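Structure first, then comments.
The values are calculated or read from the model by the stated rules, or taken from the named source; none is laboratory data. Only a predicted model underlies this, so the values are computations on that prediction, with no experimental measurement involved. Backbone-built Cβ (ideal geometry, glycine too); neighbour counts: all protein chains shown.
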Amino acid sequence: MPDLLLELFSEEIPARMQARASADLKRMVTDGLVEAGLTYASAGTFVTPRRLVLTVEGLTESSPTTSEERRGPKVGAPEKALEGFLRGAGVSRDALEEREEKKGTFYYAKVTTEGREAQVIIAELIPQVIRTFPWPKSMRWGSGSLKWVRPLQSILCILSREDGSEVVPFDVDGITAGNTTEGHRFMAPGRFAVSSFDDYSSKLRAAHVVLSAQDRADAIWHDATNMAFAAGLEVVEDAGLLAEVAGLVEWPVVLMGEIAEDFLGLPAEVLQTSMREHQKFFSVRNPATGRIERFITVANRDTADAGATIIAGNSKVLFARLADGKFFWDNDLRIARDGMGAWREALKNVTFERRLGSQSERVERIAALAREIAPMVGADPTAAETAARIAKADLSSEMVYEFPELQGTMGKYYALEAGLAPEIAAVAEEHYAPLGPTDDVPTAPLSVAVALADKLDLLTGFWAIDEKPTGSKDPFALRRAALGVIRLALENGLQFSLQALMIKAFEGGYDKEPQDAIELSADLIGFFHDRLKVLLRDQGIRHDVIDACLGGANDDVLDLLVKRARALQSFLDTPDGENLIQGYKRSANILAQAEQKDGVEYRFGADAKYAETAEETALFDALEAARKAIAPAVAEEQFEAAMGEMAKLRAPIDAFFEAVQVNADSDIIRRNRLNLLHDITQTCGSVADLTKIEG
């Protein structure tokens, strides 16, 4: 069975496109092979800045010959219909067979598709893949019609076997497939032939090309950390930068340089961001002081002077970049030390959203809401209002204008320079969190208060102007904001009425009438519940369990809602829970059928004096005990205890149904037993709406 080796060699592929391109190449080629009738044992892809590589092992030699019968038009159908069928089936008229069926007589053709050699299939498939490859951006060059991410220079395509290899012959826009490739652009120029993947990878390594992106990343990190450790320093971890740099070089050479003394006083985040964004440098930190003191760059070649010239050039460019950063920092410090008033004033001229006013107006709404929230989270209201007013001031700073990703981080530094307390300064950085499902959640009371206010203002604002997420579209990240509120509440164990806060926001910030505020907040609560379902499903809590806990009292107190859902889920995972649900549903079904048949409701309380059996009497007693125990447990938020009391009903309910016929001959006994079934549903339903439980 042959192995396929394909290399598409081009000018440099942008690092951000390499992983996706590698996956697309594998998908398109392997899907095409399978559709053509070929099978294979395994497939793998590799990518460097100048080449996309696919290897497919254990290909079948050819596709199988297949036969099938196709039904054509009716006998007597128009001639054009028959001719079209003949063309599609690839047979002549005299090869057709007529068969009589219920709906008439039809033509049938036996179509045989001959198997084809793998080489022929590949020669057709690869040009099609190349011409339809889904690059995010592509270009044409010269006079050809081919589009590729960068000019495609050569194609290597061979089938290798134990007894040798052969080129798969095809041509794409004048580029003829062959069995040669190139090594490193500078260190090993010139082409060489290969005969298999093992031969290819070993010759590339000898030609100063590390084929695997993971191998390049591992080598970079190993050399960088060792180099920093030798100097008593440490490399700041940056997985995204590591992956990007591994996509910029074929032969990684790690070099370390020093940062000029002029810039060592800049905040570490400024140095790190500037070097990462502009130069693709890793930051090297002094673990004793936390200062960024050196940088690591990755060259694409060995040099005779061990990289001295490269480091000198990079240091010169870096000096200019950091000089800009220091200029922004010095200018910003003057405004920060003056109380940041100029920045807050400037926010009046920055539109947040046309219908929602300026950033300054938004800050005022957040400050008012933070003051309301503060007592609920253990924060001082005046401090919360102060923190909210300065939290977004840095949006007007020069540093954040240059590096938007530093918003909040710079705000913390500037607030400290303005003489504000550290806990207030921390709010500027922490109130944006959490930004994602794995982001840390603030725990400091002031930060929690402003973070909640920030996100609730965002949500109530867009609900007030009827701009809600639709489908996959969520341009203002409202789903993320809702999830942030949920995590802030749950992970800090906060119990507050979400709807009450929303009503205050709608009435105070957007001048909504009380009834409108109630309706908008109710709709927004539904949006929160949808986000909560997604979060809890990821934690193993079934959607029907969550639904069963919605709609009751305090379902806008997220912490209580989740505690109830987790307790119910744990209960349902036990045999008692599973069997009790069946008993509950049996009671509810019999009751519903009887009420529909009789046209009355059986909800007036059963009387134990009409009990005829010991099992019936035992159920009355069990329900009375359960009601007395469940109500206070729920009131005290002891949901596990409430579920435990409900579990005690399992045995008496089972025994009741075993021993008693609900639809007794006596109307009095029948009505009493139906009322007893209602007592079962009411008692169990006081914990959650068990009708929502599936199964």
- prompt: Counting only residues that are polar (S, T, N, Q) and in a helix (DSSP H, G or I), which one in segment 354-371 is farthest from M340 (Cα to Cα)?
  reply: Q359
message: within 21 Å of A177 (Cα to Cα), in contact with a helix residue (DSSP H, G or I) (Cβ under 6 Å, 6 or more places away or on another chain) and modelled with pLDDT of 95 or more: which single residue out of V47, V56 fits that description?
response: V47
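Per-residue answers, yes or no, for (1) in the same structural domain as A481 (by TED's automatic domain parsing); (2) of a type in the set (A, V, I, L, M, F, W, C); (3) in contact with a Pro (Cβ under 8 Å, 6 or more places away or on another chain):
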{"residue": "R355", "(1), (2), (3)": "yes, no, no"}
{"residue": "Q359", "(1), (2), (3)": "yes, no, no"}
{"residue": "R362", "(1), (2), (3)": "yes, no, no"}
{"residue": "R365", "(1), (2), (3)": "yes, no, no"}
{"residue": "T386", "(1), (2), (3)": "yes, no, no"}
{"residue": "I390", "(1), (2), (3)": "yes, yes, no"}
{"residue": "A415", "(1), (2), (3)": "yes, yes, no"}
{"residue": "A421", "(1), (2), (3)": "yes, yes, no"}
{"residue": "H431", "(1), (2), (3)": "yes, no, yes"}
Top-ranked residue in segment 191-209 [being out of contact with any strand residue (DSSP E or B) (no Cβ under 7 Å at 6 or more places or on another chain) and either within 17 Å of L4 (Cβ to Cβ) or at pLDDT below 95 (or both); ranked as surrounded by the most Cβ atoms within 10 Å (Cβ to Cβ)]: S201
task: Would you check which residues across segment 567-616 are outside any helix (DSSP H, G or I) and over 30 Å from R537 (Cβ atoms) and list them?
output: G599, V600, E601, Y602, R603, F604, G605, A606, D607, A611, E612, T613
- request: Determine whether segment 308-318 contains at least one residue that is part of a strand (DSSP E or B) and in contact with a helix residue (DSSP H, G or I) (Cβ under 9 Å, 6 or more places away or on another chain).
  value: no
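Yes/no per residue for (1) touching a residue at least 12 places away in the same chain (Cβ under 8 Å); (2) assigned to a helix (DSSP H, G or I); (3) among the small types (G, A, S):
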residue	(1), (2), (3)
H184	yes, no, no
S201	no, yes, yes
R205	no, yes, no
A217	yes, yes, yes
L271	yes, yes, no
- prompt: Is at least one residue of segment 254-261 crowded, with 21+ Cβ neighbours inside 10 Å, part of a loop (DSSP other than H, G, I, E, B), in contact with a Ser or Thr (Cβ under 9 Å, 6 or more places away or on another chain) and of a type in the set (A, V, I, L, M, F, W, C)?
  reply: yes
- request: Out of the residues in segment 553-577 that are under 30 Å from D466 (Cα atoms) and in contact with a helix residue (DSSP H, G or I) (Cβ under 8 Å, 6 or more places away or on another chain), state the one that is surrounded by the fewest Cβ atoms within 10 Å (Cβ to Cβ).
  value: N554
task: Given the conditions (1) outside the structural domain of Q128 (by TED's automatic domain parsing); (2) surrounded by 13 or more Cβ atoms within 10 Å (Cβ to Cβ); (3) assigned to a strand (DSSP E or B); (4) of a type outside the set (A, V, I, L, M), report the number of the one that G84 does not fulfil.
output: (3)
field: Conditions (1) in the same structural domain as V270 (by TED's automatic domain parsing); (2) surrounded by 15 or more Cβ atoms within 10 Å (Cβ to Cβ); (3) aromatic (F, W, Y); number of the one not met by F327
entry: (2)
message: Checking the condition of a type in the set (V, I, T), under 30 Å from G247 (Cα atoms) and over 27 Å from the mean Cα position of the chain (by Cα), which residue from T60, T55, T45 passes?
response: T55
Residues (touching a Phe, Trp or Tyr at 6+ places or on another chain (Cβ under 9 Å) and buried (at least 20 other Cβ atoms within 10 Å of the Cβ)) located in segment 653-677: I653, N672, R673, L674, L676, L677
- request: Go over the candidates T443, T438 one by one and state the one that is surrounded by fewer than 21 Cβ atoms within 10 Å (Cβ to Cβ), at pLDDT below 95 and farther than 24 Å from A336 by Cβ.
  value: T438
- prompt: Has segment 453-460 got any residue that is surrounded by fewer than 15 Cβ atoms within 10 Å (Cβ to Cβ) and either in contact with a Gly (Cβ under 9 Å, 6 or more places away or on another chain) or not assigned by TED's automatic domain parsing to the domain that holds A383 (or both)?
  reply: no
